[in-house]
Amino acid sequence: MQKITRATLGLFLAMGLSGVAAAAAPPTTGLGQAWPNAVDVSASPHWHVYVFVLNGIEYVQVNDLNGNVIGAVGTAGGQFITLPIGNASQYVATPQQSAAHAPSVSATSAATTVYRDSSMVLTATPQTSGITTLNAASANTAATCQDPEQCGAGSP
């Protein structure tokens, strides 16, 4: 009887630990959704940020407080790419590419860091027109440069 209890306990412990391990890994699906089944990792209470990882590529999506997708970037090995999702995808800048459209208006506030990890920093800047620009930068560049426009980190 005691062996069955130990075996049952071991089984439940193994199942519990595998669930924790699965929960710790970023999801691979849900990119582009208003409310993906992913943890909100935003560094700001004014935004929702979700991270997805597939085949070694990290995808970071920024949503506003209403769940509207603003834009997303993909990054791997120090390279960045703007993804064609979100209502402001044409206003996303990376170190490798400027925003497709530069806003002809000015910022309503300073850039807010919405996401930071060991490889990248992502900021959001609301504009007077109501759009939001996103700027992705390498974490190394962001640490040494306080003004992305001056440092050439994909200024819009």
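Scan the range 66-79 for residues that are in contact with a Gly (Cβ under 7 Å, 6 or more places away or on another chain) and either touching a residue at least 24 places away in the same chain (Cβ under 8 Å) or of a type in the set (S, T, N, Q) (or both) and the total you get is 4. Of all the listed residues (74, 78, 130), the sole one being at pLDDT below 95 and within 19 Å of residue 51 (Cα to Cα) is 78.
Restricting attention to the range 20-64, the residues that are of a type outside the set (S, T, N, Q) and outside any loop (DSSP other than H, G, I, E, B) add up to 17.
Hey, could you check the range 56-77 for residues that are in contact with a Ser or Thr (Cβ under 6 Å, 6 or more places away or on another chain) and of a type outside the set (A, V, I, L, M) and say which is farthest from residue 129 (Cα to Cα)? Only one residue fits best here, namely 58. Quickly run through the range 87-107 and pick out the residues that are of a type outside the set (A, V, I, L, M, F, W, C) and part of a loop (DSSP other than H, G, I, E, B). The answer is 87, 94, 95, 96, 97, 98, 101, 103, 104, 106. Answer yes or no as to whether residue 67 is in a loop (DSSP other than H, G, I, E, B), under 17 Å from residue 43 (Cα atoms) and at pLDDT 85 or above. Yes; evaluated as a whole, the condition is true for this residue.
Filter the range 33-65 down to the residues that are without any contact (Cβ under 8 Å) to a residue 24 or more places away in the chain and of a type in the set (S, T, N, Q), then identify the one that is nearest to residue 115 (Cα to Cα). So, considering only residues that are without any contact (Cβ under 8 Å) to a residue 24 or more places away in the chain and of a type in the set (S, T, N, Q), the one nearest to residue 115 (Cα to Cα) is 37.
Condition test on residue 110, is it assigned to a loop (DSSP other than H, G, I, E, B), in contact with a Ser or Thr (Cβ under 8 Å, 6 or more places away or on another chain) and either in contact (Cβ under 8 Å) with a residue 12 or more places away in the chain or of a type in the set (A, V, I, L, M, F, W, C) (or both)? It is true that residue 110 is assigned to a loop (DSSP other than H, G, I, E, B), in contact with a Ser or Thr (Cβ under 8 Å, 6 or more places away or on another chain) and either in contact (Cβ under 8 Å) with a residue 12 or more places away in the chain or of a type in the set (A, V, I, L, M, F, W, C) (or both).
The values are calculated or read from the model by the stated rules, or taken from the named source; none is laboratory data. Since this is a predicted model, take the numbers as computed values, not measurements. With ideal geometry, Cβ positions are generated from the backbone for all residues, glycine too; neighbour counts draw on all protein chains shown.
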